[in-house]
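S.K.: Below is one structure. I have some questions about it.
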Amino acid sequence: MVIDASVWVAAFLARDAHHRDVVEFLRTLLEEGLSVTTPLLALCEVAGAIARRTDDPELAERTLVFLQAQSWIQFAPLNEPLATKAANLATHQR
């Protein structure tokens, strides 16, 4: 299962409109033992979004430390072909 930055942001921000659904979704993934992959670039996106939305850079840093410490999350490097494919998907899957 590939999870993008928006899912992580919603998971960590209780006031996000999708927070409850995302927390339940992640709980289900963990309970079912499914593997989770997140693009490495998502770390930058998550940190920036959390820092901006909360005005709390320390919270953003703690979130990054937490994500990186999770053995059930694999971080996928983002090379140019993969970035192009992701950009095309993002353009057409709004």
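The values are calculated or read from the model by the stated rules, or taken from the named source; none is laboratory data. Predicted, not measured: the structure shown is a model, and the values here were computed from it. Here Cβ is always computed from backbone atoms with ideal geometry, including for glycine, and neighbour counts include all displayed protein chains.
S.K.: As an exercise: evaluate HIS92 against (1) free of Cβ contacts under 8 Å to residues at least 40 places away in the same chain; (2) closer than 16 Å to ALA10 by Cα and give the number of the one condition it does not meet.
M.R.: (2)
Rundown of residues vs (1) more than 27 Å from LEU82 (Cα to Cα); (2) surrounded by 14 or more Cβ atoms within 10 Å (Cβ to Cβ), yes/no style:
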{"position": "MET1", "(1), (2)": "no, no"}
{"position": "ALA11", "(1), (2)": "no, yes"}
{"position": "GLU24", "(1), (2)": "yes, no"}
{"position": "LEU34", "(1), (2)": "no, no"}
{"position": "VAL46", "(1), (2)": "no, yes"}
{"position": "ALA51", "(1), (2)": "no, yes"}
{"position": "ASP55", "(1), (2)": "yes, no"}
{"position": "THR63", "(1), (2)": "no, yes"}
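S.K.: Next up: I'd like to verify a number: residues in the stretch 52-75 that are touching a strand residue (DSSP E or B) at 6+ places or on another chain (Cβ under 9 Å) and more than 18 Å from VAL9 (Cα to Cα), how many? Even if it seems obvious, please write down each step before you answer.
M.R.: Initial filter on the stretch 52-75 (touching a strand residue (DSSP E or B) at 6+ places or on another chain (Cβ under 9 Å)): 67-68, 70, 72-75.
Filter once more, so that each one left must be more than 18 Å from VAL9 (Cα to Cα): none.
Count: 0.
S.K.: Checking the conditions here, which among ASP21, ASP55, ASP16, ASP4 is of a type in the set (D, E, K, R) and on the phi > 0 side of the Ramachandran plot? Don't jump to the end; show me each part of the working.
M.R.: Details: ASP21 fails: on the phi > 0 side of the Ramachandran plot; ASP16 fails: on the phi > 0 side of the Ramachandran plot; ASP4 fails: on the phi > 0 side of the Ramachandran plot.
None of the other options fit; the residue is ASP55.
S.K.: Would you check which residues across the stretch 67-81 are surrounded by 10 or more Cβ atoms within 10 Å (Cβ to Cβ) and touching a residue at least 12 places away in the same chain (Cβ under 8 Å) and list them?
M.R.: Result: LEU67, GLN68, TRP72, ILE73, GLN74, PHE75, ALA76, LEU78.
S.K.: Same structure again: Residues of the stretch 42-94 being of a type in the set (Val, Ile, Thr), within 12 Å of the chain's Cα centre (by Cα) and either more than 27 Å from GLU32 (Cα to Cα) or not in a strand (DSSP E or B) (or both), which ones?
M.R.: As a first pass, look at the stretch 42-94 and keep what is of a type in the set (Val, Ile, Thr): 46, 50, 54, 63, 65, 73, 84, 91.
Adding the requirement that they be within 12 Å of the chain's Cα centre (by Cα) leaves 46, 50, 63, 73.
Of everything in the stretch 42-94, those that are of a type in the set (Val, Ile, Thr), within 12 Å of the chain's Cα centre (by Cα) and either more than 27 Å from GLU32 (Cα to Cα) or not in a strand (DSSP E or B) (or both) turn out to be VAL46, ILE50, THR63.
S.K.: Just to verify a result, which residue in the stretch 6-31, among those that are assigned to a helix (DSSP H, G or I) and in contact with a Ser or Thr (Cβ under 8 Å, 6 or more places away or on another chain), is nearest to LEU89 (Cα to Cα)?
M.R.: The first filter runs over the stretch 6-31 and keeps only residues assigned to a helix (DSSP H, G or I), leaving 6-12, 19-31.
Among the residues that remain, those that are also in contact with a Ser or Thr (Cβ under 8 Å, 6 or more places away or on another chain) are: 8, 12.
Details: TRP8: 19, PHE12: 25 Å.
Only one residue fits best here, namely TRP8.
S.K.: Return the residues of the stretch 41-66 that are more than 20 Å from MET1 (Cβ to Cβ), touching a residue at least 12 places away in the same chain (Cβ under 8 Å) and charged (D, E, K, R); say none if nothing qualifies.
M.R.: ARG53, GLU61 - these are the residues of the stretch 41-66 that are more than 20 Å from MET1 (Cβ to Cβ), touching a residue at least 12 places away in the same chain (Cβ under 8 Å) and charged (D, E, K, R).
S.K.: With the checklist (1) modelled with pLDDT under 95; (2) of a type in the set (A, V, I, L, M); (3) assigned to a helix (DSSP H, G or I) in hand, flag the one item LEU34 doesn't pass.
M.R.: All conditions are met except number (3).
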